[in-house]
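Asks: Quick one: this structure, given as structure tokens, is what I'll be asking you about.
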Amino acid sequence: MSISMSCFCLMKSSRPKIKREPFSFLALETSFTVNEVEALLYLFKKLSSSIVDDGCIHKEEFQLALFRNSSKQNLLANRVFDMFDIKCNGVIEFGEFVRSLSIFHPKASEEKKIEFAFKLFDLGKNGYIEHCEVKEMVLATLTESEVTIPDDIVESIVEKTMKEVDSKGDGKIDMEEWKEYAEKNPSLLKIMTLPYLKDITLAFPSFVLHTEVED
Amino acid sequence: MEKTTKVLMKRYELGRLLGQGTFGKVYYGKSKITNQSVAIKMIDKDKVIRNEQADNIIREISIMRLIKHPNVIQLFEVMASKGKIYFVIEYAKGGELFEKVAKGKLKEEVAHKYFKQLVSAVDFCHSRGVYHRDIKPENILLDENENLKVSDFGLSAFAESKRQDGLLHTTCGTPAYVAPEVIKRKGYDGAKADIWSCGVVLFVLLAGYVPFNDTNLMEMYKKVSKGDFKCPNWFPKNVKKLMCKMLDPNPDTRISIDKIKRCSWFKYGANGRQKKDEGENKTTLSCVTTNPSDQRDETRSDDLEVEAKEEPVVPVSINAFDIISLSSGFNLCGIFEDSFKKREAKFTSRQPASVIISRLEEIAKRLKLKIKKRAAGLLKLERVDEGRKGNLAIDAEIFEVTPFFHLVEVKKSNGDTLEYHKILNEDIRPALQDIVWVWQGELHEQSEQQQQSQS
């Protein structure tokens, strides 16, 4: 906490100005309308100023939003953050935020959601979801809930799942196998849809007074 | 394609003018994406800013967002351009209830149905701290299935805007439907004022005219403040009684919504009276027909239980990706607002499935929840009594991690969220306590509290 406070003072003075791309570009590229992008900016401002008000969401701010605790480490949260950080510069900028959330929109295509989930689970970023990666994520999730299950049982759950998905039988899951599996098991993608995004203009209505949309 | 079709914000085809409000016009619209019919309220931003109503507009949106009820017109989205604000709201095809009443009084059973739906809508809004304050037939619309929809929350105010005495202070509303304490410009209790207006609406539905009327406005106010009205002789006795309790000029002694919901006419309408009469005639049946709906419900639930027992609840075994998707790090709901309460609660248990299931069945029995369905790992429970937003229904789904380790997800599938949280926290959670290993999220809340107290 004390570290982030001193950071706060430093960063505020050397606050980098971030050039924002036009909202119409973002709207064209995503499932959002210009108004929705404008509403999202209010959410973004809230998240990006919770610790350091520099126009970017830092990992600590992301953790604070998810867990109400800025120092809580979580494997999956780290992965989600990295996926949002498209430019890989350690922060989430507004454009990245909108583009990534767009995949979680109820209107977004299932294909995009499937692809996003695959990349998220591919911890080593080598194009495959491997046995050890699945096991690592399962263990992380169980530990997070303070659940202890004997290793051989975890192993057998992972083994069984790998067999279900790995139709080619090479011991790892590629994108093709993942797609096939995810299409058959839509419940897997439930977490990839945020119904809340449909309501975004109502949740952050202040944009109506400052919109740049022409009449 | 018609040449005249105007498209708004590339999303809605505009149709005919539906009405005119203080800040702008209301048009019919049709979504270009879903083809859904909507109403679009267009507001001039200039006018809003000139009248210093900007904050009120934002507040109105926040209010309407909280209200999702089958008998309240829903706000779907807001759109805006530099000069205008557009409210995209639910379209009620049936028009104003007023038009129906203008043709003459309604049949008792029709009036009863509308009154029940009105009270349900008002009760729901009050439970969210929202008072309508301008209930009148013109604000009550009907959809294509003749269901009632309360519209126009433009004048309502949050409970937060109460002064320190806990009373609302602005006068608004239409004289014929407005409670005496509102006319007197005293601070008033929004809930009690709405009850008065509902009383006037009920009177109008059954009588075909307003209870308080006079060509002289002062005379009319006098009648209102004395509660001076007369029920026509065709009003049934229990309606007359209810009428007097709702149109009580003293807000302190005026009937509450809870009591309205418990009165016999509200529950059974004309139907109950007929059934009761039949019962009295046929003495052999009188003992079982006193409460026909309850009887039916009980036998139905018995049947279901017998039926359901044939299909055992076998939990679905959980796979690795199901477990991973339970990670709170993967649940982005948290980045939105705190008020976005979770519908579901998850717990893990080290008990075999049979123990968990029989405990859930015990709880259902004690809380008078019907077991509606048993499927693979799923118990569907439903409350017998109708709640604020239909019958509360809860799903409990059991997933097997190992035969001695289960994950149970409890979530609301129908009904009012506040009622759900109440029964979950006050009844279900404590009753499950000794079979629960850990409730999801609870440990992290605890550690968070510890952290807070340390810092």
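Asks: Which of (1) farther than 30 Å from A:Asp82 by Cβ; (2) open to solvent by 50 Å² or more (accessible area, probe 1.4 Å); (3) touching a residue at least 12 places away in the same chain (Cβ under 8 Å) does B:Glu344 not meet, given it meets every other one?
Replies: (1)
Asks: Among the numbered conditions (1) free of Cβ contacts under 8 Å to residues at least 40 places away in the same chain; (2) within 22 Å of A:Tyr196 (Cα to Cα), tell me where B:Phe87 comes up short.
Replies: (1)
Listed here are the residues, each with its yes/no results for (1) more than 14 Å from chain A (Cβ to nearest Cβ); (2) in contact (Cβ under 8 Å) with a residue 60 or more places away in the chain; (3) not in a loop (DSSP other than H, G, I, E, B).
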residue: B:Ile61; (1), (2), (3): no, no, yes
residue: B:Val101; (1), (2), (3): yes, yes, yes
residue: B:Glu109; (1), (2), (3): yes, yes, yes
residue: B:Asp152; (1), (2), (3): yes, yes, no
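Asks: I would also like to ask the following. I'm checking my understanding of the structure. Among residues of region B:63-87 that are at the interface with chain A (Cβ under 9 Å from one of its Cβ atoms) and part of a loop (DSSP other than H, G, I, E, B), which one is surrounded by the fewest Cβ atoms within 10 Å (Cβ to Cβ)?
Replies: Looking at the filtered set, the residue picked out is B:Lys82.
Asks: Under 20 Å from the mean Cα position of the chain (by Cα), acidic (Asp, Glu) and at pLDDT below 90, is that true of B:Glu386?
Replies: yes
Asks: Among the residues of region B:121-142, which ones are over 18 Å from B:Ala179 (Cα atoms) and open to solvent by 20 Å² or more (accessible area, probe 1.4 Å)?
Replies: Residues satisfying the conditions are B:Ser127, B:Arg128, B:Leu141.
Asks: Name the pairs: first residue in region A:136-152 and outside the structural domain of A:Lys72 (by the TED database), second residue open to solvent by 90 Å² or more (accessible area, probe 1.4 Å), Cβ to Cβ under 8 Å, at least 6 apart or on different chains?
Replies: Listed pairs, sorted by first residue: A:Leu142/A:Thr148; A:Val147/B:Trp437.
Asks: Name the residue, out of A:Lys184, A:Lys119, A:Lys179, that is open to solvent by 20 Å² or more (accessible area, probe 1.4 Å), more than 10 Å from chain B (Cβ to nearest Cβ), in contact (Cβ under 8 Å) with a residue 60 or more places away in the chain and of a type outside the set (Asp, Glu).
Replies: Going through A:Lys184, A:Lys119, A:Lys179 in turn, just one is open to solvent by 20 Å² or more (accessible area, probe 1.4 Å), more than 10 Å from chain B (Cβ to nearest Cβ), in contact (Cβ under 8 Å) with a residue 60 or more places away in the chain and of a type outside the set (Asp, Glu): A:Lys179.
Asks: I need a count of the residues in region A:187-207 that are in contact (Cβ under 8 Å) with a residue 24 or more places away in the chain, crowded, with 18+ Cβ neighbours inside 10 Å and facing chain B (nearest Cβ under 8 Å).
Replies: Residues flagged as in contact (Cβ under 8 Å) with a residue 24 or more places away in the chain, crowded, with 18+ Cβ neighbours inside 10 Å and facing chain B (nearest Cβ under 8 Å) within region A:187-207 amount to 6.
Asks: Oh, and also: With respect to the numbered conditions (1) touching a Gly at 6+ places or on another chain (Cβ under 6 Å); (2) open to solvent by less than 10 Å² (accessible area, probe 1.4 Å); (3) modelled with pLDDT of 95 or more, which one is the sole condition not fulfilled by B:Leu118?
Replies: (1)
Asks: Any idea how many residues of region B:211-229 are open to solvent by 50 Å² or more (accessible area, probe 1.4 Å) and part of a helix (DSSP H, G or I)?
Replies: Total satisfying the criteria: 7.
Asks: Evaluate region A:98-106: report whether one residue or more is under 14 Å from the mean Cα position of the chain (by Cα) and more than 25 Å from A:Glu183 (Cα to Cα).
Replies: Looking for residues that are under 14 Å from the mean Cα position of the chain (by Cα) and more than 25 Å from A:Glu183 (Cα to Cα), one finds at least one in region A:98-106, hence yes.
Asks: Residues being part of a loop (DSSP other than H, G, I, E, B) and modelled with pLDDT of 80 or more: count how many of those fall in region B:6-36.
Replies: Looking only at that region, the number is 8.
Asks: Search region A:144-176 for residues being more than 23 Å from B:Asn331 (Cβ to Cβ) and of a type in the set (Gly, Ala, Ser), and hand back the single one that is nearest to the other protein chains (Cβ to nearest Cβ).
Replies: Per the stated criteria, the residue is A:Ser156.
Asks: Turning to a different aspect of this structure: Taking only region A:62-96 into account, find how many residues are more than 7 Å from every other protein chain (Cβ to nearest Cβ), free of Cβ contacts under 8 Å to residues at least 12 places away in the same chain and in a helix (DSSP H, G or I).
Replies: 1
The values are calculated or read from the model by the stated rules, or taken from the named source; none is laboratory data. Nothing here was measured: the structure is a model prediction, and the numbers come from that model. Every residue, glycine as well, gets a Cβ built from its backbone with ideal geometry; the counts of neighbours run over all protein chains shown. Please note that ligands, DNA and RNA were not included when accessible areas were found on the heavy atoms of the full protein model with its side chains. Shrake-Rupley method; radii C 1.70, N 1.55, O 1.52, S 1.80 Å.
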